[in-house]
Amino acid sequence: MDKPLPNIIYLDNAATSWPKPAGVAQAVADFINYLGANPGRSGHRLSTAAAELVYDTRSLLAEMFGAEDPLRVVFCKNVTEALNTVLRGLLRPGDHVVTGSLEHNSVMRPLRALERQGVELTAVPASPAGLFRPSDFERALRPNTRLIVLNHASNVVGTLAPVREVGQIAREHGVWLAVDAAQTAGVYPIHMPADNIDILCFTGHKGLLGPQGTGGFILGERVPDDAIEPLTRGGTGSRSEEEHQPDFLPDRFESGTLNAAGIAGLKAGLEFLRREGIAKVRAHEVALTRRLLDGLRAIAGVQIYGTRDPAYQVAVVSFNIAGMYPSEAALALDEEFGIMCRVGLHCAPAAHRTIGTFPQGTIRFSPGYFNTPAEIDQALEAVEALARRAHTPTYQVVNRERSVYDDRENR
Amino acid sequence: MSTQYGVVLFDSTQRAIQAERALKAAGLLVKLIPVPRQISSDCGVCLRFLWQDHSRVEEVLRDHRVAFAGIRQL
């Protein structure tokens with residue numbers, strides 16, 4: 001694929017995937033230029049064509065994740081809104097919810113707010129490498145446990161959670177399992193019935209290769225249509241004579257005009273993935289992750305977090321360079337080497353506490369399907385150069401003086 | 001004699017699209033139209049078909065387990 005900006009190595013796919021397949025931008029433009037109507041509001045042919053496009057996108061998502069009915073696919077603006085809808089719409093004071101210690105703030109912040117309202121919360125700890133024991137989830141269950149909500153793969157260390165095993169435990173105890181698939185949808189195989197997932201929350205702009213502003217959740221067969229209270233209420237294009245929100249899917253959760261242009265782009269992303277196949281995407285990302293991990297291991301002064309084994313993780317790698325702040329490394333990587341990455345806490349303080357990198361955080365490289373082995377090698381050369389720099393006496397002196405100055409500033 | 005039509009009514013527009021996809025795949029002539037005022041005040045769409053096909057339409061929808069709210073002759 002041609003890249004419009006030369007000398008850029010994009011390793012921030014865990015934040016949003018880039019570049020997108022060629023058809024994605026075209027699909028968004030085509031929708032705005034030629035289709036453009038409001039899906040599901042009017043009966044004219046442009047409106048029904050827009051509604052068909054939205055339906056076909058649901059259908060592709062249902063197929064990808066093993067869901068039977070495309071109408072149980074609900075669109076939101078992103079996975080955060082999906083998780084908020086599920087958590088705030090399902091949990092009531094007196095309910096107990098179980099989660100893991102590698103959650104993103106898209107789960108932790110709504111849960112902490114619910115805790116203040118009387119929802120009981122247990123966070124099952126992961127090992128410092130980022131792995132869970134499924135039996136710990138069983139031990140955490142209480143008679144009033146309503147839900148287990150689990151990050152499928154950590155956005156900090158990439159480690160995969162034992163979703164299928166935890167889902168089996170949930171099933172045996174009559175509890176639902178909601179999965180945050182922000183880092184896995186599109187890059188790792190997910191089959192809701194086989195993986196015992198009752199609610200799958202996804203975002204459209206990462207592994208699914210669509211535009212930002214798309215995402216949603218899928219309700220499995222065990223979750224009744226009316227189990228979750230909607231976050232918003234309003235016009236749905238259905239039951240207009242009624243001033244009460246419809247209780248059927250997807251209208252119950254989709255008030256107001258959808259991001260149909262974004263959904264058109266998401267459809268193109270999904271079609272690209274269907275042509276390529278998730279297995280091929282996964283194999284490419286495993287190869288890149290292995291190359292990255294092997295290369296980082298060989299650099300003196302680099303500490304890698306997580307399992308360091310691509311079989312147990314997605315293409316998200318966190319590390320630190322001894323003697324250099326992550327923020328400083330990020331600036332040098334961008335300005336001097338053209339490498340785009342993300343450093344700091346990645347909106348996941350709980351995960352950084354688990355792996356022992358709170359509050360300074362880590363440098364995170366997250367390759368994607370469009371990265372090449374040559375780009376990984378270039379990135380490794382850059383890290384090596386920075387590790388050498390951090391090791392020089394001059395750098396260490398300058399750095400120490402600055403940190404003293406920073407401390408004074410903070411007082 | 002003018003053509004006789006019927007319509008299938010749905011709770012949700014997206015369900016109507018699902019039905020349209022299934023019926024077209026079965027080779028039936030159908031078209032999404034606004035719900036006629038005499039049937040409902042709803043602003044949504046319904047699926048128009050040739051009334052002569054009405055038993056086949058019902059059969060296909062049941063086979064595909066597409067829930068619908070009703071079938072009316074126009």
Expected single match for at pLDDT 90 or above and closer than 21 Å to residue A:51 by Cβ among B:73, B:52, B:14, B:4 is B:14
Only one of A:36, A:43 is within 14 Å of chain B (Cβ to nearest Cβ) and over 24 Å from residue A:192 (Cβ atoms), namely A:43
Taking the range A:144-157 and keeping residues closer than 21 Å to residue A:82 by Cα and in a loop (DSSP other than H, G, I, E, B) leaves A:152, A:154, A:155, A:156
Could you say whether any residue in the range A:101-122 is over 21 Å from residue A:248 (Cα atoms), in a strand (DSSP E or B), polar (S, T, N, Q) and touching a residue at least 40 places away in the same chain (Cβ under 8 Å)?
-> no
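Do the conditions hold for residue A:236, that is, is it β-branched (Val, Ile, Thr) and modelled with pLDDT under 95?
Yes; evaluated as a whole, the condition is true for this residue.
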Scanning the range A:50-95 for residues that are within 11 Å of chain B (Cβ to nearest Cβ), part of a helix (DSSP H, G or I) and in contact with a strand residue (DSSP E or B) (Cβ under 9 Å, 6 or more places away or on another chain) gives A:51, A:52, A:54, A:57, A:58, A:59, A:62, A:72
Scanning the range A:18-49 residue by residue, those farther than 18 Å from residue A:203 by Cβ and not in a helix (DSSP H, G or I) turn out to be A:36, A:37, A:38, A:39, A:40, A:41, A:42, A:43, A:44
When the range B:13-39 is checked residue by residue, the ones that are within 11 Å of chain A (Cβ to nearest Cβ), touching a residue at least 24 places away in the same chain (Cβ under 8 Å) and surrounded by fewer than 19 Cβ atoms within 10 Å (Cβ to Cβ) are B:33, B:36
Subset of the range A:220-257, residues closer than 17 Å to residue A:198 by Cβ and more than 14 Å from chain B (Cβ to nearest Cβ), comes to A:220, A:222, A:223, A:224, A:227, A:228, A:229
If you go through A:155, A:151, A:196, A:144, the only one that is within 22 Å of residue A:314 (Cα to Cα), at pLDDT 95 or above and surrounded by fewer than 23 Cβ atoms within 10 Å (Cβ to Cβ) is A:196
Output for Cβ contacts, cut-off 6 Å, separation at least six or different chains, first residue farther than 22 Å from residue A:373 by Cβ in the range A:309-324, second buried (at least 24 other Cβ atoms within 10 Å of the Cβ) and of a type in the set (Ser, Thr, Tyr), reads A:320/A:362
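Can you report the number of residues in the range A:203-227 which are among the hydroxyl-bearing types (Ser, Thr, Tyr) and not in a strand (DSSP E or B)?
Pass one, the range A:203-227, residues among the hydroxyl-bearing types (Ser, Thr, Tyr): A:203, A:214.
Cutting the leftovers down to not in a strand (DSSP E or B) gives us A:214.
Result for the range A:203-227: 1.
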Taking first residues from the range A:206-228 that are in the same structural domain as residue A:315 (by TED's automatic domain parsing) and second residues anywhere that are buried (at least 24 other Cβ atoms within 10 Å of the Cβ) and at pLDDT below 95, the pairs with Cβ under 8 Å that are 6 or more apart or on different chains are none
So the strands (runs of 3 or more DSSP E) completely within the range A:262-361 holding 3 or more residues that are in contact with a helix residue (DSSP H, G or I) (Cβ under 9 Å, 6 or more places away or on another chain) and surrounded by 20 or more Cβ atoms within 10 Å (Cβ to Cβ) are A:317-321
Residues of the range A:41-62 being touching a residue at least 40 places away in the same chain (Cβ under 8 Å) and out of contact with any Pro (no Cβ under 8 Å at 6 or more places or on another chain), in sequence order, are A:41, A:56, A:57, A:60
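The values are calculated or read from the model by the stated rules, or taken from the named source; none is laboratory data. All values reported here derive from a predicted model rather than from experimental measurement. Ideal geometry is used to build each Cβ from the backbone, glycine not excepted, and the neighbour counts take in all protein chains shown.
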